[in-house]
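Right, one structure below, let's go through it.
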Amino acid sequence: MKASDLFVKALEAEGVEYVFGIPGEENLDLLESLRHSSIKLVLTRHEQGAGFMAATYGRLTGKVGVCLSTLGPGATNLVTPAAYAQLGAMPMLMITGQKPIKTSKQGRFQVINVVDMMRPITKYTTQVVSGDRIPSVVREAFRVAQEERPGAVHIELPEDIAAEHTSMPLIPASTVRRPLAEYKAINKAVEMIEQARSPVLVIGAGANRKLTSKMLTEFVAKTGIPFVTTQMGKGVLDETHELFMGNTALSDGDFVHRVLKAADLIINVGHDVVEKPPFFMNADSAKVIHVNFASASVDPVYFPQLEVVGDIANSIWQMKEAIHSQAHWDFQFFSKAHSAYLQHRKESEDDSRFPILPERFVKDIRRAMPKDGIVTLDNGVYKIWFARNYPAAFPNTLLLDNALATMGAGLPSAMAAKMVYPHKPVLTVCGDGGFMMNSQELETAVRLNLHIVVVILRDDAYGMIKWKQANMDFPNFGLDYGNPDFVKYAQSYGANGWRIESAEELLPKVQACLNEPGVHVIDVPVDYSLNDETLNSTIRERSRELQ
């Protein structure tokens, strides 16, 4: 058969449902093969949108999301999604085209070394040099993308190779079992936990797996040990649980950091160095147990005293089976700090000032969304407020990026989430800056007949940087811009456009949009100027009460 047909059959054998992307002339054989396959091509308006959709598909399903581009500028547009998937541990395959490699009559027109370009930001990158190599190359790409730690892989399929003929058979997927932690490490972990005075769990990105979530839920139920989440660990355990102590949204100084400083043992589950450290170790700090698929990378602020290396879910299960709750465990301070945090939240959540305050906005979105509804975030100062104030009840119901932290991913992520879970409500929150970086994908969402709600927080500036500029005593310079009329902009794509003109209007408008099919864009003016007043100063005041 034609090599492009074999390539597509290899994708089908791996269970691929969608290919997101923009084909070029170098992909035309592959495009024709896709036309005759069970795989749906999702044509996007920018390669970045395709990459973010593929990465989010991988994040939500654990299967490899696939995206497609042509050579040259199409391939370079996948660099940001590649880094997004790689740092965020999302399994994703990028397929790029290339000019013929056996003979060429166009010199180096549009030709760059895409394989070498992708090497630093992928787990695996290669060029297919023969149709006979397709089965092994595709199988290896999927294997590497999905194994722990998941990430991005890349295959370049040149035009002349795609048109070749080959008789090579497909290579079936092998069964893989992760290694288990040694029983001596498990026993030592249980001993350290039982001997501790005030142990606490910290749940990181690597723990965001269905079975790990189940095992951690059982572990907390049996032991009563409180838990903290990182930004990409949100929802692994139900954050409405009474033992949830908070999220490490801020770098330091929040109530949750008081809990961590009061603990004498931290059980650090699924720690991923791409996230900002949830705590800093020093000679006098709490002891740390590192529970992860891989051993710890030791640095000046992270040097765990015990490493439990192996399948995380199994390690937690083994620890849960062996451990016994201890009468000497003392969580009184943890409870006091958490009560102070809840009281602090209440002080701003019902504020009716307009433009709307971030705390009020987050509370209303949480009230509008069902527990299993999915919220995706772009990147901006509001991400801190969602991480800190939005309790996620289930894994992957608040999708934020605390790895690459790129702008422009919020809308494509919501689109992919709706395709994976068509019966769940999906809402994305974007700053006006991040939204405009991939706003053209509104057309894709309308064309796909998706029902999503897009909330744009408009402050007519790059608000996160402007806030930091002010905090560092720099004058206001270079960060303000103008915006289109977002209502008319949405309508020009065939979407529905709305504008909020008071804080009280937000909740009923979001609820109405969640109940009405179609793509809805809601323009919400926001005021970040009170970030310090409503956050840092109040935290400092309440923290004194915990001394």
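The values are calculated or read from the model by the stated rules, or taken from the named source; none is laboratory data. Because the structure is predicted, anything quoted here is derived from the model rather than measured. With ideal geometry, Cβ positions are generated from the backbone for all residues, glycine too; neighbour counts draw on all protein chains shown.
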Matching residues in the range 152-166 - criterion: being among the aliphatic types (A, V, I, L, M) and part of a strand (DSSP E or B)
A152, V153, I155, L157
Give just the number: which of (1) in contact (Cβ under 8 Å) with a residue 12 or more places away in the chain; (2) in a loop (DSSP other than H, G, I, E, B) does H338 not satisfy?
(2)
Matching residues, the range 120-134, being under 23 Å from the mean Cα position of the chain (by Cα) and not aromatic (F, W, Y):
P120, I121, T122, K123, T125
Conditions (1) modelled with pLDDT of 95 or more; (2) surrounded by fewer than 24 Cβ atoms within 10 Å (Cβ to Cβ); (3) over 26 Å from K346 (Cα atoms) -> G433 fails only (2)
Going residue by residue through the range 135-158, is there one that turns out to be more than 30 Å from the chain's Cα centre (by Cα), closer than 30 Å to T56 by Cβ and in the same structural domain as R59 (by TED's automatic domain parsing)?
yes
Going by the conditions given, is G494 in a loop (DSSP other than H, G, I, E, B), surrounded by 13 or more Cβ atoms within 10 Å (Cβ to Cβ) and over 28 Å from the mean Cα position of the chain (by Cα)?
yes
Name the residue, out of K418, K468, K424, that is assigned to a helix (DSSP H, G or I), more than 22 Å from V381 (Cα to Cα) and in the same structural domain as V362 (by TED's automatic domain parsing).
K418
Any chance A387 is in the same structural domain as E275 (by TED's automatic domain parsing), closer than 25 Å to Y421 by Cβ, assigned to a helix (DSSP H, G or I) and in contact with a helix residue (DSSP H, G or I) (Cβ under 7 Å, 6 or more places away or on another chain)
no
Out of the range 447-468, which residues are surrounded by fewer than 17 Cβ atoms within 10 Å (Cβ to Cβ) and either under 23 Å from L250 (Cβ atoms) or touching a Phe, Trp or Tyr at 6+ places or on another chain (Cβ under 7 Å) (or both)?
D460, I465, K468
Quick one: which strands (runs of 3 or more DSSP E) lie wholly within the range 255-325 and hold at least 2 residues that are in contact with a Lys or Arg (Cβ under 9 Å, 6 or more places away or on another chain) and outside the structural domain of T217 (by TED's automatic domain parsing)?
none
Do we find a residue being in a loop (DSSP other than H, G, I, E, B), in contact with a Gly (Cβ under 6 Å, 6 or more places away or on another chain) and at pLDDT below 95 anywhere in the range 133-150?
no
Test of understanding: among T230, T217, which residue is free of Cβ contacts under 8 Å to residues at least 60 places away in the same chain, among the polar types (S, T, N, Q) and under 19 Å from F394 (Cα atoms)?
T217
Between I384, I452, I374, which is at pLDDT below 95 and aliphatic (A, V, I, L, M)?
I384
Considering each residue of the range 433-459, count those that are acidic (D, E) and under 13 Å from A490 (Cβ atoms), and give that number.
2
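Results for (1) in contact with a His (Cβ under 8 Å, 6 or more places away or on another chain); (2) surrounded by 20 or more Cβ atoms within 10 Å (Cβ to Cβ); (3) not hydroxyl-bearing (S, T, Y), shown as yes or no for each residue.
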{"site": "G233", "(1), (2), (3)": "no, yes, yes"}
{"site": "E242", "(1), (2), (3)": "no, no, yes"}
{"site": "S251", "(1), (2), (3)": "no, no, no"}
{"site": "F255", "(1), (2), (3)": "yes, yes, yes"}
{"site": "R258", "(1), (2), (3)": "no, yes, yes"}
{"site": "K261", "(1), (2), (3)": "no, no, yes"}
{"site": "D264", "(1), (2), (3)": "no, no, yes"}
{"site": "V269", "(1), (2), (3)": "no, yes, yes"}
{"site": "D272", "(1), (2), (3)": "no, yes, yes"}
Odd one out for K184 among (1) in contact (Cβ under 8 Å) with a residue 24 or more places away in the chain; (2) surrounded by fewer than 19 Cβ atoms within 10 Å (Cβ to Cβ); (3) not in a loop (DSSP other than H, G, I, E, B):
(1)
Quick check on the range 497-547: of everything there that is β-branched (V, I, T), over 23 Å from A461 (Cβ atoms) and at pLDDT 65 or above, which residue is surrounded by the fewest Cβ atoms within 10 Å (Cβ to Cβ)?
V510
Of these, Y462, Y481, Y421, which one is more than 25 Å from G21 (Cα to Cα), of a type in the set (S, T, Y) and within 26 Å of the chain's Cα centre (by Cα)?
Y462
For the range 204-219, the count of residues that are farther than 23 Å from Q326 by Cβ and outside any loop (DSSP other than H, G, I, E, B) equals 8
If A249 satisfies every condition in (1) at pLDDT 95 or above; (2) under 17 Å from the mean Cα position of the chain (by Cα); (3) of a type in the set (A, V, I, L, M) but one, which is the exception?
(1)
If a residue must be of a type in the set (K, R) and closer than 21 Å to L448 by Cβ, how many such residues does the range 1-40 contain?
2
Determine, yes or no, whether L201 is buried (at least 18 other Cβ atoms within 10 Å of the Cβ) and at pLDDT below 95.
no
In the range 371-382, which residues are surrounded by fewer than 22 Cβ atoms within 10 Å (Cβ to Cβ) and either touching a helix residue (DSSP H, G or I) at 6+ places or on another chain (Cβ under 9 Å) or not in a loop (DSSP other than H, G, I, E, B) (or both)?
G373, V381
Pair list, Cβ < 9 Å and 6+ apart or interchain, from the range 96-123 residues that are farther than 19 Å from Q48 by Cα to residues that are at pLDDT below 80
K99/Q106; K99/R108; K99/F109; P100/Q106; V111/S104
